[in-house]
Amino acid sequence: MPDPSGEHGDEAISEYVHEDIEERDDNYNVATDKAWDAIHRSLTDGRLAFDNGSSPLNLAVLGGRLLTSGEDELVVLVDKDQVPTVAAALMAVTQQSLRAGYERINAADYDAFGDEDFDYTWDNFTDLSEFWRQAAASKRHVIFTA
């Protein structure tokens, strides 16, 4: 993996993630489309921020070490030593508990808020939860991009 502090750090990391990781045809990728926003908000305190919520659930989407500093793209790394804890916490989240978290979202700050969006969020959350379980079982780091 490229050194984030090196020359062209953000660009090199972005290229590595897109060309070497996301383009793989394997079971080590999951796409949440736009649901990542509501998933993060629902697992934390309803806000979209890097420093909100409590560990380990706040690590599932935007938590971890920020590898890029640009505004064009986010690349966040969760170390493989933290992945099993996050995976276990996600596996314990029920549809009802995610819904309770979703209800903490301020609809004025999140345009898609509503029952249809929650269903979309839940569907993507179940895929994300399974992804984290697989990453923990395989002793892998997790990289989030947006």
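The values are calculated or read from the model by the stated rules, or taken from the named source; none is laboratory data. Fair warning: this is a prediction, and the values are worked out from it, not measured in the lab. Cβ sites come from the backbone with ideal geometry, for glycine too, and all protein chains shown count toward neighbours. SASA here: full protein model, heavy atoms, side chains in, ligands and nucleic acids out. Shrake-Rupley method; radii C 1.70, N 1.55, O 1.52, S 1.80 Å.
Being open to solvent by less than 60 Å² (accessible area, probe 1.4 Å) and at pLDDT below 80 is the requirement here; does PRO4 meet it? Yes, satisfied.
Name the residues in the range 37-50 that are of a type outside the set (S, T, N, Q) and at pLDDT 90 or above, would you? Step through it out loud before you land on a result.
So the first thing to find is which residues in the range 37-50 are of a type outside the set (S, T, N, Q), and the list is 37-41, 43, 45-50.
Passing the criteria: ASP37, ALA38, ILE39, HIS40, ARG41, LEU43, ASP45, GLY46, ARG47, LEU48, ALA49.
If the condition is being outside any loop (DSSP other than H, G, I, E, B) and farther than 17 Å from SER97 by Cβ, then the range 35-58 contributes TRP36, ASP37.
Does any residue of the range 119-133 turn out to be free of Cβ contacts under 8 Å to residues at least 12 places away in the same chain and either open to solvent by 60 Å² or more (accessible area, probe 1.4 Å) or of a type in the set (Lys, Arg) (or both)? Checked the range 119-133: at least one residue is free of Cβ contacts under 8 Å to residues at least 12 places away in the same chain and either open to solvent by 60 Å² or more (accessible area, probe 1.4 Å) or of a type in the set (Lys, Arg) (or both).
For the condition of a type outside the set (Lys, Arg), surrounded by 12 or more Cβ atoms within 10 Å (Cβ to Cβ) and more than 20 Å from LYS34 (Cα to Cα), what is the one hit in ALA146, ALA89, ALA60, ALA137?
Working: ALA146 fails: more than 20 Å from LYS34 (Cα to Cα); ALA60 fails: more than 20 Å from LYS34 (Cα to Cα); ALA137 fails: surrounded by 12 or more Cβ atoms within 10 Å (Cβ to Cβ).
From the options ALA146, ALA89, ALA60, ALA137, the qualifying one is ALA89.
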